[in-house]
Amino acid sequence: MPEIDMVQLVGLALALLATGLIAGIVAGLLGVGGGIVIVPVLYYMFTLIGIDSSVIMHVAVGTSLATIVATGSSSAWAHYKRGGVDVDLLKRWSLPIAVGVIVGSIVGGNVSGAVLTAVFGVVALIVSANMAFRQNPKPLAEQLPGTPIRELLGFVIGGFSVMMGIGGGTLGVPILTLFNYPIRKAVGTAAAIGLIIAIPGALSAIFYGWGVEGRPLYSLGYVNLVGFLLIIPASVLAAPWGAKLAHTLDPKRLKLVFALFLGITGFKMLSDVLF
């Protein structure tokens, strides 16, 4: 292997290892994780090590979705065993979420990285505002709306989540709690939703990225295998560190810090696209 490839590989490995550690700490601190942490960190890390800007966001999204397949499986199963997954809602939402994922995958696979970056930036700003200004949110209604609004919500969650490289929690939990869903049930159901999003999303990322120039070393389509192998164990290792810190820090202040991180991330991504 040429020396330059080894240098690139070492830089890539260190960047991805750092991504996993940061994602794990934040997940342990705030009970969030998945793509909402991994995608922006990958975006910055890939930029720092000089990956082709035209594929950075596609690879960040694809790699994130692949990691969610692995980590989300154990999370969803753990919630299911504890009765934390609303199986009836999952059955009703599976089809509209899957349709949303298919549409979002087709759109995401055919648009530029700038469009994906803008989508992530806008939604990150919305999630940031939700976390910062709705500390004790009141439900919008006592239960989820009926057909077709309920199905439309599932479609939106699936479509935007797969384009952003995130699981079901970032959009699913806030939407469910808006309709008076118990938070634990919402988190568990969203974990299961994440698999409906991540599995076809990761396969789509492999398909659309096959043979594209400029991808990082050892990428299968838009899924970077080095990232897949390093992010998962690093995030699992670091999550308890974050959880330990969470018991010594003010949760409300932590949420505000994370909201600030998302706000800055969203603004930075939009500014990269617009300016």
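How big is the charge dipole of the stretch 3-274 about its Cα centre, in debye rounded to the nearest 20, if each Lys and Arg gets +1 on its Cβ and each Asp and Glu gets -1 on its Cβ?
1000
Where the Cα atoms of the chain are projected onto their three principal axes, how long is each span, largest first, in whole Å?
Rounded to whole Å, the extents work out to 61, 43, 41 Å.
Of Gly84, Ala23, Val101, which is farthest towards the positive pole of the stretch 3-274's charge dipole, taken about the Cα centre with +1 and -1 on the beta-carbons of Lys, Arg and Asp, Glu respectively?
Checking the options against the dipole of the stretch 3-274, the answer is Gly84.
May I ask you to derive the FRET efficiency for Gln8 and Arg92 from their Cβ-Cβ distance with R0 = 35 Å, giving the value to the nearest 0.05?
The pair Gln8/Arg92 has a calculated efficiency of 0.15.
Can you put Asp250, Asp52 in order, fewest other beta carbons within 10 Å first?
Asp250, Asp52
So what is Rg over Rh here for the stretch 33-76, counting just Cα atoms and using Kirkwood for Rh?
Using only Cα positions, Rg/Rh for the stretch 33-76 is 1.05.
How far is helix 56-81 tilted, in degrees, relative to the longest principal axis of the Cα atoms in the chain, given as a value from 0 to 90 rounded to the nearest 10?
For 56-81 against the chain, the angle is about 40 degrees.
Would you work out the charge dipole size for the stretch 147-275 about its Cα centre, treating the Cβ of every Lys and Arg as +1 and the Cβ of every Asp and Glu as -1, and quote it to the nearest 20 debye? Write out the running numbers ahead of the final one.
Working: 9 positive and 4 negative charges, 98 e Å.
Result for the stretch 147-275 is approximately 480 debye, rounded to the nearest 20.
Based only on other Cβ atoms within 10 Å, what is the fewest-to-most ordering of Thr117, Thr177?
Thr177, Thr117
What does the charge dipole of the stretch 88-200 about its Cα centre add up to, to the nearest 20 debye, if the Cβ of each Lys and Arg holds +1 and the Cβ of each Asp and Glu holds -1?
Computed about the Cα centre, the dipole is about 220 debye.
Around Gly84, under 10 Å between beta carbons, what's the net of Lys plus Arg minus Asp minus Glu among the other residues?
+3
For Val236 paired with Ile49, estimate the spin-label separation in nm (one decimal), with each label point 7 Å from Cα along the Cα-to-Cβ line.
2.1
Please report how many Lys pairs in the chain have alpha carbons closer than 22 angstrom, counting only residues at least 8 apart along the chain or sitting on separate chains.
The number of close lysine pairs in the chain is 11.
Relative contact order (percent) for the stretch 3-274, with alpha-carbon contacts under 8 angstrom and 6 or more residues of separation?
RCO, the stretch 3-274: 37 percent.
A short reminder: the numbers here are calculations on the coordinates, not readings from a lab. Just so we're clear, the structure is a prediction, and the values are computed from it rather than from any experiment. Here the Cβ is made from the backbone with ideal geometry for all residues, glycine too, and neighbour counts use every protein chain on show.
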